[in-house]
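The values are calculated or read from the model by the stated rules, or taken from the named source; none is laboratory data. Quick caveat, the model's predicted, so the values are computed rather than measured. Quick reminder, even Gly has a Cβ in these numbers, built from the backbone with ideal geometry, and neighbours come from all protein chains shown.
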Amino acid sequence: MKILGLVVARGGSKRLPGKNIKDFLGKPLITWSIQTGIAGGVFDRFVLSTDSPAIAKMAEQAGIEVPFMEPAELASDTARIFDVIVYAVQKLKEIDGYVPDWIILLEPSSPGRQSFHIKEVAQLLKERNNFDSLVGISKVPGHFSHLKQLARDEQGVVTRVGDGAILRNLIHRNQDVPESYFINSAIYAFRYSNLFDGNNSLWGNSTYGYEMDNKYAMDIDTQEDWLVAEVKMKMLQIGQQNLTNG
């Protein structure tokens, strides 16, 4: 089984300009994903797709391949990640005939994933054949559950989103709310064949949810996200240091 590791990073970011090469706890944000991908040791190829020469240069220094540059239209605010990935795999096939079985996507805005996550995902891809895509998920805290989300009408009255249930009939204790999950943006995987099955989607017919602890879930899109991610990453580093020191 051939697994392509892919990092996609465009140069433009309206809410956090230059975030992919901005210093995050001592190294560029994108470098965290590259170093973790390399440490995972499961990729046949590990490639960056970007439109930015500055990102490309920094990423190459961190150890990832940059065999092509994205056209500007794939780096716009309206571009779909599906189209970016299709372009990347087609370029690799065109350049040297490389065709993977699976693609694992690592978004640089999610630096919390660890190398063991990548290894575990790769093992799942090799051992199981009952899904054709995979997504990293984490548990939704009880108080954020869809079963407790409210809509507010023009008079200010609140009821549950979707079914209009009044507050008296909701589940109020967080520990009694059934478990649900959110996509944590840390890791994705999909079969190469999904890209060309005519559905214009990464996901195929069956998606496996790879559960990750919330402490690894970081998705940096705003300045507030950045500050929260710094705190969470520092806590991870302290925990890892404590394990190392026994």
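Residue count for region 177-206 under the criterion of being closer than 21 Å to Val7 by Cβ and of a type outside the set (D, E, K, R): the result is 14. Listed here are the strands (runs of 3 or more DSSP E) enclosed by region 130-175 that have at least 2 residues being within 28 Å of the chain's Cα centre (by Cα) and under 20 Å from Met212 (Cβ atoms): 133-139.
Scanning region 91-114 for residues that are among the hydrophobic types (A, V, I, L, M, F, W, C) and within 9 Å of the chain's Cα centre (by Cα), we see that the one that is surrounded by the fewest Cβ atoms within 10 Å (Cβ to Cβ) is Leu105. Checking each residue of region 45-53 against the condition of being more than 22 Å from Phe116 (Cβ to Cβ), surrounded by fewer than 19 Cβ atoms within 10 Å (Cβ to Cβ) and without any contact (Cβ under 8 Å) to a residue 60 or more places away in the chain gives at least one match. Entry remark, region 18-44: residues being more than 20 Å from Ile103 (Cα to Cα) and crowded, with 17+ Cβ neighbours inside 10 Å number 6 in total. Of everything listed in (1) in the same structural domain as Lys148 (by TED's automatic domain parsing); (2) surrounded by 15 or more Cβ atoms within 10 Å (Cβ to Cβ), the single unmet condition for Trp226 is (1). In the set (1) assigned to a strand (DSSP E or B); (2) under 30 Å from Phe82 (Cα atoms); (3) of a type in the set (Ser, Thr, Tyr); (4) touching a helix residue (DSSP H, G or I) at 6+ places or on another chain (Cβ under 8 Å), Ser185 fails one condition alone, (4).
If only one of Lys57, Lys91 is part of a helix (DSSP H, G or I), charged (D, E, K, R) and in contact (Cβ under 8 Å) with a residue 24 or more places away in the chain, which one is it? Spell out the reasoning first.
Working: Lys57 fails: in contact (Cβ under 8 Å) with a residue 24 or more places away in the chain.
Exactly one residue qualifies, and that residue is Lys91.
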